[in-house]
Amino acid sequence: MTQTERARRVLDEEFGPAGGPVSVVSAPGRVNLIGGHTDYNDGLVLPMGVDRRTVVAARPREDRTVAVRSAVFGETASFDLDAVEAAVDGAWSDYVRGVADRLQGRGYDLGGAELAVVGGVPMGAGLSSSAAFEVATADALAAVAGHSPGGELVDVCWEAETEFVGLNCGIMDQYAATFAEPDSALFLDCRARDHEVVPVPAEAVTVVVTNTNVQRDLVESAYNDRVATCQEGVDYFRDALGEPVTALRDVSLAAFRDHEGALPETVRKRVRHVVSENHRVREAADALRAGEFGRVGGLLNHSHASLRTDYEVSIDELDAAVAIANGLDGVLGSRMTGAGFGGCVVSLVRSDAVDEVTAAVHEQYLDETGIEPDVYACTPDGGVRRHES
Ligand code: GLA
């Protein structure tokens, strides 16, 4: 049974069979090749959609209730569209309430709906299952009410994530889940909110993700703490440069070098990472376009070193996974991806070596850490999609 069929079946099983039209929508997880912690600094990133998707089947109902069955959690939640509470209790249904609230806040006239969600994006695996969930449920609610928000889904879902769920994240995940392209990465400018498509030729290279299966509790507070320190950097450079500086994106490498001595150590390190990482993303996009995959790999390695020593968001297990992968034949480079303090490592691997590399990373990581990792090759997949009914 396909995921689409499963979603329809869950819908019928939970809410009873009905004759009305069913909309089926899916959105992918994502992995970011390079550009760690640059998105909320108005910077550059290079994410791609992955071939693991969240699927939502939805149909209208007569009243103003939205009822959602999650096959992932085995739970059903419901709320009234006229009284969406800004509840932040950590429940998965926060996301659905969040996107419904934001769609309505942006003038979309929604109607009651029944939704069934089938998850294909592993949770807590650094593939942003939450953005896939937000984008798929938002578009399903819109589809049922006869709307097509298109690119506005990015803002709807980003606002839901920051306002309802409470993470001060950038737009990368929601953007990738909306706009990803098959067989490609997106060179995304988070300030312009615009992207160029950069092909990732499958015959040459494959992206392999290693989930360390470590997740520390402090991710959220450490993340919001990094956001705040970057803001201190912005405040310094706004005063020092006498130019409009609204984000670290506005600080050049030259300006950073002129002023680094005046910055407190922590601010200096965080700013150095962000400013240098933006350069690496630009260079990696150029190298990928030119087919210089070894150069892309080298940039991934530099990115990891900078995230570890300057941004201080890596942990031993991430460093171990990077070192193990990079010690293998056919691996061009690796780095931690996502927020850090656990989660995933992304490696760029010669396609002819993928099977050996995934097996060896699995074995050696388990050996070294005693933790069983998940290691998988990713095929770049497209963004949110409405399926034929
Ligand atoms: C998390 C956030 C993203 C991004 C990354 C770090 O995945 O959701 O917006 O900031 O961390 O690059």
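The values are calculated or read from the model by the stated rules, or taken from the named source; none is laboratory data. Because the structure is a prediction, the values reported are computed rather than measured. Counting neighbours? That spans all protein chains shown, and the Cβs are built from the backbone with ideal geometry, glycine included. Accessible surface is based on the protein model in full, side chains and every heavy atom, while ligands, DNA and RNA are left aside. Shrake-Rupley method; radii C 1.70, N 1.55, O 1.52, S 1.80 Å.
Here the range 368-389 and the range 1-49 have alpha carbon centers that stand 12 Å from each other. Computed from the C-alpha gyration tensor, the three semi-axes of the ellipsoid equivalent to the chain are 35, 26, 18 Å, from longest to shortest.
Rounded to whole Å, the principal axis extents of the Cα atoms in the range 120-192 read 31, 29, 29, largest first. Highest mobility in the GNM of the chain, judged by mean-square fluctuation with C-alpha springs under 10 Å and restricted to Ser128, Ser314, Ser148, is found for Ser148. Based on Cα atoms of the range 202-248, Rg over Rh with Rh as the Kirkwood radius reads 1.29. Among the GluC sites (Glu not before Pro) in the range 60-122, those located in a DSSP loop and surrounded by at most 15 other Cβ atoms within 10 Å of their own Cβ are Glu62, Glu85.
Counting only protein heavy atoms and a probe of 1.4 Å, the accessible surface of the chain is 45% carbon and sulfur. Count Lys and Arg as plus one, Asp and Glu as minus one, and take only other residues whose Cβ is under 9 Å from that of Asp173; the net charge is then -2. In the frame of its principal axes, the range 20-169 has Cα extents of 46, 29, 28 Å, reported largest first. Based on DSSP H segments of at least four residues, each scored -39500 (n - 2.57), the chain has a per-residue ellipticity at 222 nm of -13000 deg cm²/dmol.
The loop-placed trypsin sites (Lys or Arg not before Pro) in the range 240-306, going by DSSP, include none that has at most 13 neighbouring Cβ atoms within 10 Å of its Cβ. Placing unit charges on the Cβ atoms only, positive for Lys and Arg and negative for Asp and Glu, gives the range 3-198 a dipole magnitude near 440 debye about its Cα centre. Comparing mean-square fluctuations of Met123, Met336, Met48 from a GNM of the chain with C-alpha springs under 10 Å, the top value falls on Met123.
Below 9 angstrom from the Cβ of Phe237, what's the summed charge of the other residues (Lys, Arg +1; Asp, Glu -1)?
Computed value for this residue: -3.
The relative contact order of the chain comes to 23 percent, based on Cα pairs under 8 Å that sit 6 or more residues apart. Computed extension gain for Phe73 through Asp374, at 0.36 nm per residue and net of the alpha carbon distance, reaches 106.3 nm. Normalised per residue, the accessible area of the chain is 39 Å², obtained with a 1.4 Å probe and no contribution from ligands, DNA or RNA.
The Stokes-Einstein estimate for the range 226-283, based on a Kirkwood radius over Cα pairs and taken at 37 °C with 0.692 mPa s viscosity, is a diffusion coefficient of 293 µm²/s. Around Val198, under 12 Å between beta carbons, what's the net of Lys plus Arg minus Asp minus Glu among the other residues? Neighbour charge sum, excluding Val198 itself: -2.
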